[in-house]
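Shown next, in structure tokens, is the structure this report addresses.
Please treat every number below as a calculation from the coordinates, not as lab data. Keep in mind the model is a prediction, meaning the values are calculated, not measured. Here the Cβ is made from the backbone with ideal geometry for all residues, glycine too, and neighbour counts use every protein chain on show.
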Amino acid sequence: MQFINPKIDYAFKKIFSSEQSHEILISFLNAMLYDGLDKIQAIKILDPYLAPRLRGVKDTYVDVKATISNDEGESSSVIIEMQVLNVEGFEKRILYNAAKAYSNQLDVGEDYTILEPVIALTITDFAMFPELNQLISRFILKEKTYLVDYPIYDIELVFIELPKFQKSLEDLENLTDKWLYFLKTARKLESVPGQPHTFRNN
């Protein structure tokens with residue numbers, strides 16, 4: 001038996017954004033964003049269409065869009081993309097979609113204080129940052145000279161580069177490893193080693 005490739009657009013959306021995906025998506029996001037800790041307490045899966053507020057603004061879609069609530073009662077928007085090919089302009093598209101998801105939260109007359117953070121999680125099937133010796137990279141706004149963080153962390157770009165994940169099934173140590181192994185190797189598996197959303201961090 002062969003499994004569908006979760007890196008394919010249709011399969012990725014089916015796994016993570018269907019009506020039955022809530023527990024799966026919580027497990028996945030806890031693994032990718034919070035080192036497998038049970039930080040996310042609630043999730044709402046949204047329409048991935050980032051509708052423009054102004055006529056003539058470019059339409060855009062993401063693979064998955066959701067609102068998450070953490071164990072401290074704080075809410076954030078998360079947009080997720082699985083990218084197989086390193087196409088021209090991809091870096092700009094990620095930033096554009098994150099900024100659009102952030103700015104689309106407000107209607108006319110609403111106060112800026114109600115804006116919720118946006119996390120743009122991007123999984124690439126290619127090495128996007130070959131100069132960085134790390135699997136997961138996180139980018140936030142910083143002062144250019146002194147690298148001091150901006151006072152709020154409302155836009156965060158998180159990148160996961162699958163080619164940098166080299167662990168075998170026997171080497172998996174935690175929830176993050178298990179989800180990455182699933183994304184990278186599911187197409188080659190002939191039997192189910194265990195369902196990732198039932199895994200717990202060791």
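Go through (1) 17.3, 56; (2) 18.3, 65; (3) 15.7, 46 and flag the label whose value is the computed Rg and Dmax of the Cα atoms in Å for this structure.
Among (1) 17.3, 56; (2) 18.3, 65; (3) 15.7, 46, the one derived from this structure is (1).
Which whole-angstrom value gives the distance between the alpha carbon centres of segment 76-96 and segment 172-186?
Their Cα centres are 21 Å away from one another.
Hey, what did segment 9-198 get for relative contact order, percent, Cα under 8 Å, at least 6 apart?
18 percent
Over 30 Å between C-alpha atoms is what I'm after, so list which of Lys7/Lys142; Lys65/Lys164; Lys13/Lys39; Lys100/Lys167; Lys100/Lys144; Lys92/Lys188 land there.
From Lys7/Lys142; Lys65/Lys164; Lys13/Lys39; Lys100/Lys167; Lys100/Lys144; Lys92/Lys188, over 30 Å: Lys7/Lys142; Lys100/Lys167; Lys92/Lys188.
Compute the FRET efficiency between Leu46 and Asn86 as 1/(1 + (r/R0)^6), taking r as their Cβ-Cβ distance and R0 = 30 Å, and round to the nearest 0.05.
Plugging the Cβ-Cβ distance into 1/(1 + (r/R0)^6) gives 0.65.
Let me check I've understood the local charge: for Ser75, count other residues with C-beta under 13 angstrom from its C-beta, Lys and Arg +1, Asp and Glu -1. What total comes out?
Net charge around Ser75: -3.
If Lys and Arg each add +1 and Asp and Glu each add -1, what is the summed charge of the other residues whose beta carbon sits under 11 Å from the beta carbon of Thr176?
Residues close to Thr176 contribute a combined charge of -1.
Using a cut-off of 13 Å between beta-carbons, work out the net charge of the residues near Met32 (Lys and Arg +1, Asp and Glu -1, Met32 not included).
-2
Taking only DSSP H segments of four or more residues, each worth -39500 (n - 2.57), what value at 222 nm results for the chain once the sum is divided by all its residues, to the nearest 500 deg cm²/dmol?
Details: 4 runs with 46 residues, N = 202.
After summing the helix terms and dividing by residue count, I get -7000 deg cm²/dmol.
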